[in-house]
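K.L.:
Structure incoming, see below.
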Amino acid sequence: MTAGRYTYLGPEGTFTEAALRTLPEAATRELVPMLSVPAALDAVRTGEAGGALVPIENSVEGGVTATVDELASGEPLLIYREVLLPIAFALLVRPGTELEAIKTVTGHPVSQPQVRRWLERNLPDAQWESAASNADGARLVQEGRFDAAFAGEFAAATYGLEPLVTDIHDAQHATTRFVLVGRPSRPAAPTGADKTSVALWLRSDRPGALLEVLQEFVACGVNLMRIESRPTGEGIGRYCFQIDCEGHLADRRVGEALMGLHRLCSEVRFLGSYPRADGVRPALQPGTTDGDFVAAAEWVHRSLDGRPEGTRPPR
């Protein structure tokens with residue numbers, strides 16, 4: 001495995017590259033852009049790269065389906081880190097281009113909903129066509145195939161463009177979440193501010209099946225941070241669910257909840273336990289600390305030994 005190489009959703013100048021460069025270890029790695037999320041992850045699966053940074057969730061558009069689907073299928077991979085990056089776009093143009101001359105614009109499909117209202121106000125007649133990535137849109141503008149592209153302002157220099165307008169966003173505080181993915185190994189030790197991700201498949205499609213899954217988290221006091229359904233490709237109504245929850249697999253409440261999922265579901269894929277990028281620690285409910293679970297297990301053992309609460313072991 002080439003541990004010194006990280007792949008990412010390219011080409012150069014994407015928000016993914018910007019997010020990757022916020023990681024301290026990126027300074028000592030070879031950073032290799034790939035044309036798609038599957039290509040970035042497959043490089044990890046084959047050992048050509050030690051890790052891949054890919055987008056997984058946007059605060060405006062929700063899950064990034066290419067990443068969500070790849071993590072649920074194919075050779076297993078694990079999430080080891082996450083990065084949160086605030087997103088604001090610049091309108092990149094060839095030098096000398098005026099706003100009124102723009103007739104065609106491009107960008108990643110996820111970008112369009114984040115700038116739609118700005119487009120309606122400022123370029124109502126411009127034609128939109130999606131690009132493979134925001135940086136690829138900038139490349140297409142450089143080649144003369146479009147008049148303007150929505151991308152990060154930092155991409156302008158890479159493609160010889162100018163930021164005609166900056167800080168464009170319809171939603172304040174828009175953020176994209178990225179994950180650093182590697183081959184399966186032991187997760188990092190708990191930090192107290194962690195997140196755990198799993199993919200699961202219900203055993204049968206029947207009333208209450210998903211409710212039973214959710215009740216496992218409720219019973220153990222585990223807060224869910226994201227739940228998303230994706231079609232399995234096996235027919236209408238067949239879905240895989242991906243869940244992010246607070247806590248680490250080593251936390252008793254999380255381990256107990258996932259054991260419950262393993263009992264109820266036809267398959268559960270562990271996608272990783274890793275530090276939360278925002279560093280927020282969960283607010284534990286009474287009865288859900290590790291000590292509470294240990295005490296409950298000890299009570300069961302005492303009862304099996306004939307030592308109910310309040311009695312002493314025989315001398």
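K.L.:
For V105, what accessible area in Å² do you get when you roll a 1.4 Å probe over the heavy atoms of the protein chains, rounding to the nearest 10?
P.N.:
About 0 Å², rounded to the nearest 10.
K.L.:
Now for a different question. Counting only protein heavy atoms, what percent of the accessible surface of the chain is carbon or sulfur at a 1.4 Å probe? Mind dumping the intermediate values first?
P.N.:
On the way: 8060 of 15640 Å².
Of all accessible area on the chain, carbon and sulfur atoms account for 52 percent.
K.L.:
For the chain, report the % of Cα-Cα distances exceeding 37 Å. The partial results should precede the final answer.
P.N.:
Details: 13963 of 49455 pairs.
Percent of Cα pairs beyond 37 Å in the chain: 28.
K.L.:
For region 120-182 and region 1-46, write down the distance between their C-alpha centroids in whole Å.
P.N.:
Between the Cα centres of region 120-182 and region 1-46 lies a distance of 20 Å.
K.L.:
Write down the accessible area per residue of the chain in Å², having rolled a 1.4 Å probe over the full set of protein chains. All intermediate terms of the calculation are to be shown ahead of the outcome.
P.N.:
On the way: 15640 Å² over 315 residues.
The answer is 50 Å² per residue.
K.L.:
Percent antiparallel among DSSP beta bridges with both residues in the chain, to the nearest 5?
P.N.:
Once the DSSP bridges in the chain are tallied, antiparallel ones form about 75 percent.
K.L.:
Evaluate the distance, in nm, between pseudo-label points positioned 7 Å from the Cα of L211 and of A126 along their respective Cα→Cβ axes.
P.N.:
Distance between label points: 4.9 nm.
K.L.:
Restricting to region 89-168, compute how many DSSP beta bridges are antiparallel as a %, nearest 5. It would help to have the intermediate numbers written out before the result.
P.N.:
Values: 8 of 14 bridges.
Of all bridge pairs located within region 89-168, approximately 55 percent are antiparallel.
K.L.:
To the nearest 10 Å², what's Y274's accessible area with a 1.4 Å probe?
P.N.:
0 Å²
K.L.:
At 7 Å along the Cα-to-beta-carbon direction for both S73 and D170, put a label point, then send me their distance in nm to one decimal.
P.N.:
Label at S73, label at D170, 2.9 nm between them.
K.L.:
Given the C-alpha centroids of region 194-214 and region 231-272, what is the distance between them in whole angstrom?
P.N.:
Answer, in whole Å: 6.
K.L.:
On to the next question. Could you sort the peptides 194-206, 292-304 by per-residue average Cβ neighbour count (10 Å cutoff), highest mean leading?
P.N.:
Details: 194-206: 18.2, 292-304: 11.8.
Taking the mean over residues of other Cβ atoms within 10 Å, the ranking is 194-206, 292-304.
The values are calculated or read from the model by the stated rules, or taken from the named source; none is laboratory data. The shown structure was predicted, so the numbers you read here are calculated from the model rather than taken from an experiment. All Cβ positions, even for glycine, are placed from backbone atoms using ideal geometry, and neighbour counts span all protein chains on display. All accessible areas refer to the heavy atoms of the entire protein, side chains included, with ligands and DNA or RNA removed. Shrake-Rupley method; radii C 1.70, N 1.55, O 1.52, S 1.80 Å.
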